[in-house]
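Novice: What follows is a structure written as structure tokens; I'll ask about it next.
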Amino acid sequence: MNSKQIKTICFSPTQSTQKIVQRIAEGISTNTADILDLTLPSKKFDSSIEIHADLALIGVPVYGGRVPLDAIKRLEKLQADDIPTVIIVVYGNRHYDDALLELHELAVNSGFKPIAAGAFIAEHSFSIEKYPIAKSRPDAEDLVKISAFANEIVEICKGEHVPLQLSSDAIPGNYPYIERKPSTPFAAETDKDKCGNCRKCVVVCPTEAINKKDNSITDPEKCILCGACIKVCEKQARAISHPAFFETAKRISTNFNARREPEIFI
């Protein structure tokens, strides 16, 4: 199978997952990959979306060891016809737990045919100056391994034969999946003295948690603490100040500071 048309499919609030998936796509083919961004709410997710490509790459971040619920809802709208697919999860150096196994199941149920899988590391959305978590990752070492992974995909896609499907048994994880934690009682907040009212935070929010008329109001029931609004704010007017956030950031930074490396499964 010679990969001619590549489709990249991502849920990536802070763009870290998309950058890694795009890097893999660039390593596989010199052709520009067609991108389907599942991050932002859209009417197009109200009905099924047919996917056509020679090779698909699906990437999602890991939230609490699982695929984010909003990503699942959008992935379930996709319909493919046995397209060879590379599945990728990106996590903040703690662990990806059952997320890759869950993504495999989601892909298969939507008609994709996973032929390879990878778990890569990016800076955690809870990483702050006082409690850094996978700071500045993916770094140069990660990029070398990402390129090596892309080269392996190229090798297994050579020739006319379609690669065999990667069995779920080859992927770490457990059934039933790790239990999701209850929604948090807090959300990112706006410092009105710093805010320039550019409304970029409203635009990038994947769950429409930020009030469109007053961006100082954020619904904690909708907020998934992805950090997209914080990263996009040039005035540094968005932040999370709840004590539980700092406690979690400290715990992860302290207990999971040993460098984890990318894992691939082919």
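Novice: Provide, in order from the shortest bin, the percent of all Cα-Cα pairs of the range 85-171 in each 5 Å bin, continuing until the bin that contains the maximum pair distance.
Specialist: 3, 13, 20, 19, 19, 13, 7, 4, 2, 0, 0
Novice: How large is the helix-only mean residue ellipticity at 222 nm for the chain, computed as the sum of -39500 (n - 2.57) over DSSP H runs with n ≥ 4, divided by its residue count, in deg cm²/dmol to the nearest 500?
Specialist: When only DSSP H runs of four or more count, the value is -8000 deg cm²/dmol.
Novice: Using the Cβ atoms and a cut-off under 14 Å, what net charge is assigned to the surroundings of ILE49, where Lys and Arg are +1 and Asp and Glu are -1? Please list the in-between numbers first.
Specialist: Numbers: positive: LYS7, LYS43, LYS44, LYS73, ARG74, LYS77; negative: ASP34, ASP37, ASP46, GLU50, GLU76, ASP81.
Taking every other residue near ILE49 into account, the sum is 0.
Novice: So what is the relative contact order for the chain, in percent, with contacts set as C-alpha pairs under 8 Å and at least six apart?
Specialist: Numbers: 531 pairs, mean separation 54.9, N = 266.
Relative contact order of the chain: 21 percent.
Novice: Can you run the Rg to Rh ratio on the range 125-211? Use alpha carbon positions and the Kirkwood inverse-distance Rh.
Specialist: Rg/Rh: 1.11.
Novice: Next question. For all pairs of alpha-carbon atoms in the range 161-260, what percent lies in each bin of width 5 Å, listed from the first bin to the last filled one?
Specialist: Histogram of Cα-Cα distances, whole percents per bin: 2, 11, 16, 16, 14, 12, 10, 8, 6, 4, 2, 0, 0.
Novice: Still on this structure, I have one more. Local charge sum around CYS233 (other residues, Cβ-Cβ under 10 Å, Lys/Arg +1, Asp/Glu -1)?
Specialist: Local net charge: +3.
Novice: Looking at the chain, what % of its DSSP beta bridges pair antiparallel, to the nearest 5?
Specialist: Restricted to the chain, the bridges split so that about 20 percent are antiparallel.
Novice: Still on this structure, I have one more. With θ taken as phi - 60° and the coefficients 6.51, -1.76 and 1.60, list the Karplus ³J(HN,Hα) couplings across the range 136-153 in order, rounded to whole Hz; mark glycine and proline as x.
Specialist: 6, 8, x, 9, 4, 5, 5, 5, 4, 6, 5, 5, 5, 4, 4, 5, 5, 5
Novice: Take the range 22-109, drop everything but the C-alpha atoms, weight them equally and run the Debye formula without solvent; then report log10 I(q)/I(0) at 0.13, 0.16, 0.21, 0.22 Å⁻¹ to two decimals.
Specialist: For the range 22-109 at q = 0.13, 0.16, 0.21, 0.22 Å⁻¹, log10 I(q)/I(0) is -0.44, -0.67, -1.13, -1.22.
Novice: Please list, in order, the residues from the range 111-134 whose amide nitrogen is less than 15 Å from a point placed 7 Å along the Cα→Cβ vector of ILE266.
Specialist: Output list for this probe position: 115-119.
Novice: Please provide three numbers in whole Å: the alpha-carbon extents of the chain along the principal axes, with the largest listed first.
Specialist: 61, 42, 37
Novice: Next question. Run through all the Cα pairs of the range 60-213 and give the fraction in each 10 Å bin from 0, expressed as whole percent.
Specialist: 9, 29, 34, 19, 7, 1, 0
Novice: Once the cut-off is 18 Å, how many percent of the Cα-Cα pairs in the range 79-129 end up in the long-distance tail?
Specialist: 39 percent
Novice: Note the full-extension length gain between ASP46 and ASN109 as 0.36 nm times their separation in residues minus their Cα-Cα distance, in nm to one decimal.
Specialist: My answer for the length gained is 20.9 nm.
Novice: Can you give the Kirkwood hydrodynamic radius of the range 1-150 from its Cα pairs, in Å with one decimal?
Specialist: About 15.4 Å for the range 1-150.
Novice: For the range 1-68, report the convex hull volume of the alpha-carbon atoms normalised per residue, in Å³, without decimals. Each step should come with its number before you reach the end.
Specialist: Details: hull volume 7.3 nm³, N = 68.
Dividing the Cα hull volume of the range 1-68 by its residue count gives 107 Å³.
Novice: Let's see if you can work this out: charge +1 on each Lys and Arg Cβ, -1 on each Asp and Glu Cβ, no other charges. What is the dipole magnitude of the chain about its Cα centre, in debye to the nearest 20?
Specialist: For the chain, the charge dipole is close to 960 debye.
Novice: Relative to the present Cα-Cα distance, how much length would full extension add between VAL203 and THR32 at 0.36 nm per residue of separation?
Specialist: Working: separation 171, 0.36 × 171 = 61.56 nm, distance 2.58 nm.
Here the segment from VAL203 to THR32 would lengthen by 59.0 nm.
Novice: Further question: Accessible area per residue for the chain in Å², computed with a 1.4 Å probe and the full protein assembly in place, what is it?
Specialist: Accessible surface, normalised per residue, equals 51 Å².
Novice: For the chain, which whole-number percentage of the solvent-accessible area (1.4 Å probe, protein heavy atoms only) is attributable to carbon and sulfur atoms?
Specialist: On the way: 6650 of 13470 Å².
Within the chain, the accessible surface is 49 percent carbon and sulfur.
Novice: Taking the Cα of VAL162, stepping 7 Å toward and past its beta carbon, and measuring to each backbone N in the range 101-127: which are under 19 Å?
Specialist: 104-117
The values are calculated or read from the model by the stated rules, or taken from the named source; none is laboratory data. Quick caveat, the model's predicted, so the values are computed rather than measured. Here the Cβ is made from the backbone with ideal geometry for all residues, glycine too, and neighbour counts use every protein chain on show. Accessible surface areas use protein heavy atoms only, side chains included; no ligands, DNA or RNA. Shrake-Rupley method; radii C 1.70, N 1.55, O 1.52, S 1.80 Å.
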